[in-house]
1. When region 239-257 is examined, which residues are found to be part of a helix (DSSP H, G or I), out of contact with any strand residue (DSSP E or B) (no Cβ under 9 Å at 6 or more places or on another chain) and exposed (fewer than 15 other Cβ atoms within 10 Å of the Cβ)?
2. Looking for something closer than 30 Å to Arg202 by Cα, crowded, with 17+ Cβ neighbours inside 10 Å and not β-branched (Val, Ile, Thr) - is there at least one such residue anywhere in region 305-318?
3. Being in a loop (DSSP other than H, G, I, E, B) and open to solvent by 10 Å² or more (accessible area, probe 1.4 Å) is the filter here, so list the residues in region 132-146 that pass it.
4. Could you list, ordered by first residue, the pairs with Cβ atoms under 9 Å in which the first is in region 96-122 and of a type in the set (Ser, Thr, Tyr) and at pLDDT 95 or above and the second is in a loop (DSSP other than H, G, I, E, B) and surrounded by fewer than 17 Cβ atoms within 10 Å (Cβ to Cβ), at least 6 apart or interchain?
5. Take the residues in region 223-235 that are in contact (Cβ under 8 Å) with a residue 60 or more places away in the chain and not in a helix (DSSP H, G or I); name whichever of them is farthest from Leu267 (Cα to Cα).
6. Look at region 319-342 and say how many of its residues are open to solvent by 30 Å² or more (accessible area, probe 1.4 Å), part of a helix (DSSP H, G or I) and touching a strand residue (DSSP E or B) at 6+ places or on another chain (Cβ under 8 Å).
7. I'd like the full set of residues that are under 21 Å from Ala139 (Cα atoms), open to solvent by 20 Å² or more (accessible area, probe 1.4 Å) and either touching a residue at least 60 places away in the same chain (Cβ under 8 Å) or not in a helix (DSSP H, G or I) (or both), limited to region 68-86.
8. If I go through region 258-273 residue by residue, how many of them are of a type in the set (Gly, Ala, Ser), closer than 15 Å to Leu215 by Cβ and not in a loop (DSSP other than H, G, I, E, B)?
Amino acid sequence: MRDNEAFPKRSTLVQTAFTLSPAKLNLFLELLAKRADGYHELETVMVPVNWFDSLVLTRTSRPGVELSLEWLPSRTVLAKRLDVFGDDEAEAGLLGIPTDHRNLVCKALSGFLDVMQLEGGFDCELLKQIPAGAGMGGASGNAASALIAAAELCGADVADPKIMKLAADLGSDVPFFMGQHSSNQAEPAKASGFRAARGLGRGEEIGECGVGLALHLVVVFPGRMLSTPLVYRHSTVPAQPESAKELVESLGGKCGSAMVKGVFNRLSEPAIKIEPKVEKTLQLMQHVGLRGCQMTGSGSACFGFALSARHVRRMRNKLAAQLQPGAFIRDCRIIRVPSKIVLR
C-alpha cells in the first residue's frame, strides 16, 4: 500500500487550502564558527511579523508542481513604488522571482510528493508582498506554508520526521516558519507554534523564547536587494562572539529598554559595505526617534522599536517624508507561526 492510500478519505474531498505566509525579523544574529559544509554556525533570535504573502494550494491528479506568482497590488504598481518602472534590469532584480524548480515552493512541494510517496501533484498560486532580498525570510516562509498546506490537504502529520527533515534541508529558516521546536535533540521535533524562537546550528535548530513585551515595530525596506551568500562571504567570525542571553531574558520579561540594548546583527557591517543604503536607512530611523534600529538577517530590510502604536504612526510619517524613492515602510507586530490553514 502506498502512503497516500492510507490517508483519510477527507483528503480526497478537500482539494484546496489557503494560508498566509509571514515575514520574520532577526532581533539577534551572531556568527559562531565556519562549518565544513560552507555554512556558518550561528545564534539567532527571530520573531514572525504581520507582513504577509498569500498562498493557495490545490491538489491535482496531474503529476508535478505548477506555480504561478503575482505581486500585490500589481507588478506595475510595485515597480513604480520601487522607482524601477521602465528599468527592465532593475525591475527584474527586485520583482523577477522564478516560478520553476529554482523557487523554494516548487522544491518544497516536489520534495513533499517524493518523501510521502504520493501520486498526482499540486497547483500553487503565490501572491507576494514581502520584498525579495530583504532578509525577512519571504522564500523560506513560502516554502513552510506550502509544506503545511500540502500536509493538511493530504491528511499527513506536519510533524512527520520525513517532512521535518525536508523542511530543514530546504533552508535554515524553513523550520522556524513551520513552528518546529527542535533545539533539544534528546526529544523528537514537534510543530506547535511560537511567537519568538532562538535558532542554533545553521539556524534550523529551533527553541521557543518567551515574549512578555508588547513590541511596536517599524520596518523599512530601502528598495535594494542583498544577496545572502555575498553578505556571508564578506562576513568575519569574531574571536569572542556576542551572546543572545540578555536579549532572550529581557524579551520574556517586562523591561523593554534591556531588550532593545540586546538587539544585534553581525551581518550588518558587511551588508553596509555592500549596500550603503542600509546604513543611511538605519541612521534615518535613529534620527526620527526609533530605538534599537538594526538590519534583519542578511539585509537589506531594517527595523526599529517605537514606544507605542501612536508613536509608530508618528515615526512612519516622519520617515515617509525623508526616505528616498523606492523605500517601503510598514508598521509590524509579532504574530504566531505557523499560520492557520483554511480548507476550501
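The values are calculated or read from the model by the stated rules, or taken from the named source; none is laboratory data. Just so it is clear, the structure is predicted and the values come from calculations on it, not from any experiment. Cβ: placed from backbone, ideal geometry, glycine included. Neighbour counts: every protein chain shown. Side chains included, ligands, DNA and RNA excluded: accessible areas come from the protein's heavy atoms. Shrake-Rupley method; radii C 1.70, N 1.55, O 1.52, S 1.80 Å.
1. Answer for region 239-257, where residues must be part of a helix (DSSP H, G or I), out of contact with any strand residue (DSSP E or B) (no Cβ under 9 Å at 6 or more places or on another chain) and exposed (fewer than 15 other Cβ atoms within 10 Å of the Cβ): just Lys245.
2. yes
3. From region 132-146, those in a loop (DSSP other than H, G, I, E, B) are 132-137; that's our starting set.
Passing the criteria: Ala132, Gly133, Gly135, Gly137.
4. What qualifies is Ser110/His101.
5. Once the filter is applied, the top-ranked residue is Gly223.
6. Matching residues across region 319-342 total 1.
7. Matches in region 68-86: Ser68, Leu69, Glu70, Leu72, Pro73, Ser74.
8. Within region 258-273, the first condition is being of a type in the set (Gly, Ala, Ser), and the residues that meet it are 258, 262, 268, 271.
From the residues that got through so far, the ones that are closer than 15 Å to Leu215 by Cβ too are 258, 262.
Still in the list and also not in a loop (DSSP other than H, G, I, E, B): 258.
Here the count works out to 1.
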